[in-house]
1. Ignoring ligands, DNA and RNA, what percent of the 1.4 Å accessible area of the stretch 1-109 is carbon and sulfur?
2. Choose one of 102, 150, 85: the residue whose Cα lies farthest towards the positive end of the charge dipole of the stretch 83-204 (beta-carbon charges +1 Lys, Arg; -1 Asp, Glu; about the Cα centre).
3. Would you calculate the separation in nanometres between label points at residue 52 and residue 88, each defined as 7 Å from the Cα along the Cα-to-beta-carbon direction?
4. Would you mind getting the accessible area per residue of the stretch 1-142, heavy atoms of the protein chains only, 1.4 Å probe, in Å²?
5. Roll a 1.4 Å probe over the protein heavy atoms and report the accessible area of residue 138 in Å², nearest 10.
6. Per-residue accessible area for residue 45 at 1.4 Å probe radius, Å² rounded to 10?
7. Taking 1 over the mean of 1/r across every pair of different Cα atoms in the stretch 1-100, what Kirkwood radius in Å do you get?
8. Please compare each pair in 4/188; 21/166; 21/185 to a cut-off of 29 Å on the Cα-Cα distance and tell me which ones are over it.
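The values are calculated or read from the model by the stated rules, or taken from the named source; none is laboratory data. Predicted model, so just to flag it, every value in this text is computed and none were measured. A quick note on method: Cβ atoms are made from the backbone with ideal geometry, for glycine too, and the neighbour counts reach across all protein chains shown. For the accessible areas, the whole protein counts, side chains as well, though only heavy atoms, and no ligand, DNA or RNA atoms are used. Shrake-Rupley method; radii C 1.70, N 1.55, O 1.52, S 1.80 Å.
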Amino acid sequence: MSNKKVTICLCSSRHLIDRQKAAAIFRALTEAGYAVCVEADLCETALDAPLQMSEIASSTVMACYPRAVAALFDRLQLSPAALLNLRCNSAEQLLSGFSLAAAGQTEAHVPSEWDALPQKPGCDAWYPVIDKHRCSECGQCHDYCLFGVYAMADGCVQVVRPRSCKNNCPACARICPNRAVIFPKYEKSPVNGGSEDEEQAVAIDTKALYASALRSRLEQRKAGVSLLKRDPS
């Protein structure tokens, strides 16, 4: 690849990325003269440092499913130079695009500084992104969500309050008729942006889903306990 800048996302709180694989790629690329930046969590960076995402967009990004990562950047009106699937592809497959080999992949040393990267189990950046290539702007996700995550502007669905999303809840993605709503950190496709149907298709009762979400919201208010992100402090 002609682009000599590479960004690797480690998804440090969810451990969705194999660190030995990432370390093998990091080593091979740096030895070949590439400038490699390692991000603890691109989803978190997109919320806390959107200006930094503009710089990252100029690089080849290795992260999870490309459709999910593309939607993450699209929310900020950015388009990365290239996207590679670090979540599923092997080191050999990824490095072959750079005409490099993954020597010693199984014994790759994970840099000690990676252990110091921020980890926020239970309160990391969990929120939806929208694949606008699939979205029909039907608004079902907006109408379903009780937490104010979505807004409709000029007939278009937008994720306006990502941190209001209920942690680990992908229900709005399941009711999307075009599978346009993506949760990058979910474990199964197609909700996480992957192309495989890892979740068995079932008939979705939207009224029942809404009633369940409403009960959850009311119980939250009654108990005075947040069902959203836990405060690590």
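1. 51
2. Value: 150.
3. 2.8
4. 45
5. 70
6. 20
7. Value: 13.4 Å, from the Cα pair sum.
8. Long pairs (Cα-Cα over 29 Å): 4/188; 21/166.
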